[in-house]
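The values are calculated or read from the model by the stated rules, or taken from the named source; none is laboratory data. Model, not experiment: these values are computed from the prediction. Here the Cβ positions follow ideal geometry from the backbone for every residue, glycine too, while neighbour counts run over all protein chains shown. Calculation scope for accessible area: heavy atoms of the full protein, side chains included, ligands and nucleic acids excluded. Shrake-Rupley method; radii C 1.70, N 1.55, O 1.52, S 1.80 Å.
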Amino acid sequence: MTDHHIGLIVPSSNLTMETELPRMFNAREAVLPGDRFVFHSSRMRMKHVTPEELRGMNAQTERAALELADARPDVVATACLVAIMAQGPGHHCVAEAEISSALRAEGAEVPVVSSAGALLGGIEALGVKRVAIITPYMKELTARVVDYIEDTGIEVVDALSLEVPDNLAVARLDPADLREHWRRLDLRRADALVLSACVQMPSLASIQQVEDESGLPVLSAATSTAFRILAELGLPPVVPHAGSLLGSAAAA
């Protein structure tokens, strides 16, 4: 049994990342018992998903990274997709580099993953060019996420904003509701569906069912982050019942 230590940088009000990631990795352990995953978190204050609070939270990134460096994790994931995407196209590269630099200064030379970069990587891994997305954000922030994704050459054919500004309220959304929300999207030109373009909006419980019903590959910010973490650890990115991205075909 090998233990892998995963550092998480999360908003103070985020409840979902520390729920869905362990659930995925526990499910993986059940079918691939040779690896075990341990999580360590550092938090940054943020309660409402507004441009002002997102900028304030981003200013705390270095402090959070330094705290994780002391735990000597094997990989670090920063988990607020919209905080990065709201800063403009390509910012995930800047954010990942800043965290890497802070970790390196404390002797922790480890891979850094952002949920924003991971979602783009997950879409790329599926080999698709057109996606539809669901977000919990207000429409202004959803538009920034759409612009960010489309800057990479991926077309967002439709987007649904649930318009929930309180981040704790986002965590309390019922993932089962997504089994109906996705039907509100125009998927005629979509190659894949991002069921939750937010690591705070729960979706894991519905991903496989929506994929089965829609006939499209279904992913989320959380499943994409799990995919990237496993890849950075040099492990097959396989999690049962979590959609095509974490299935054997994508891993190959």
Legend entry - Boolean, residue 120 is within 24 Å of residue 243 (Cβ to Cβ), over 17 Å from the mean Cα position of the chain (by Cα), at pLDDT 95 or above and among the hydrophobic types (A, V, I, L, M, F, W, C): no
Legend entry - Per-region count, segment 1-44, residues among the small types (Gly, Ala, Ser), modelled with pLDDT under 95 and within 19 Å of the chain's Cα centre (by Cα): 4
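Please state which one of 173, 168 is surrounded by 13 or more Cβ atoms within 10 Å (Cβ to Cβ) and not in a loop (DSSP other than H, G, I, E, B). Lay out the reasoning, then the answer.
Values: 173 fails: not in a loop (DSSP other than H, G, I, E, B).
After applying the criteria, what remains is 168.
Could you check segment 18-31 and list, in sequence order, the residues that are in contact with a Leu (Cβ under 9 Å, 6 or more places away or on another chain) and either open to solvent by 70 Å² or more (accessible area, probe 1.4 Å) or in a strand (DSSP E or B) (or both)?
As a first pass, look at segment 18-31 and keep what is in contact with a Leu (Cβ under 9 Å, 6 or more places away or on another chain): 18-21, 23-25, 28.
23 - this is the single residue of segment 18-31 that is in contact with a Leu (Cβ under 9 Å, 6 or more places away or on another chain) and either open to solvent by 70 Å² or more (accessible area, probe 1.4 Å) or in a strand (DSSP E or B) (or both).
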Legend entry - Residues of segment 179-230 satisfying the condition of being among the polar types (S, T, N, Q), under 24 Å from residue 80 (Cα atoms) and modelled with pLDDT of 95 or more: 196, 203, 206, 208, 220, 223, 224, 225
Legend entry - Count - residues of segment 145-165 that are at pLDDT below 95 and not in a loop (DSSP other than H, G, I, E, B): 0
Legend entry - Selected residue (criterion: most open to solvent (accessible area, probe 1.4 Å)) from residues of segment 214-238 that are closer than 24 Å to residue 181 by Cα and among the aliphatic types (A, V, I, L, M): 216
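Give segment 34-66 a look and list any residue that's acidic (Asp, Glu) and surrounded by fewer than 16 Cβ atoms within 10 Å (Cβ to Cβ), or say none.
Result: 52, 62.
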Legend entry - Condition met for residue 15 (of a type in the set (A, V, I, L, M), assigned to a helix (DSSP H, G or I) and touching a residue at least 60 places away in the same chain (Cβ under 8 Å)): no
Legend entry - segment 149-164, subset out of contact with any Leu (no Cβ under 9 Å at 6 or more places or on another chain) and in contact (Cβ under 8 Å) with a residue 12 or more places away in the chain, residue surrounded by the most Cβ atoms within 10 Å (Cβ to Cβ): 156
Inset, instruction - For residue 94, work out the one condition from (1) open to solvent by 20 Å² or more (accessible area, probe 1.4 Å); (2) modelled with pLDDT of 95 or more it doesn't fulfil. - result: (2)
Legend entry - Near pairs, Cβ below 6 angstrom, 6+ apart or cross-chain, from segment 41-65 (farther than 18 Å from residue 164 by Cα and among the small types (Gly, Ala, Ser)) to any residue that is at pLDDT 75 or above and assigned to a strand (DSSP E or B): 41/8; 41/10; 42/9; 64/9; 64/42; 64/44
Inset, instruction - Kindly list, by first and then second residue, each pair from a residue in segment 104-120 that is closer than 16 Å to residue 21 by Cα to a residue that is of a type in the set (Val, Ile, Thr) and part of a loop (DSSP other than H, G, I, E, B), limited to pairs with Cβ atoms under 7 Å and residues at least 6 apart or on different chains. - result: 115/199
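Give, as residue ranges, the helices (runs of 4 or more DSSP H) completely inside segment 55-138 that count at least 2 residues that are touching a His at 6+ places or on another chain (Cβ under 8 Å) and not β-branched (Val, Ile, Thr).
Values: elements: 61-69, 81-85, 91-105, 115-126.
Counting at least 2 such residues, we get 115-126.
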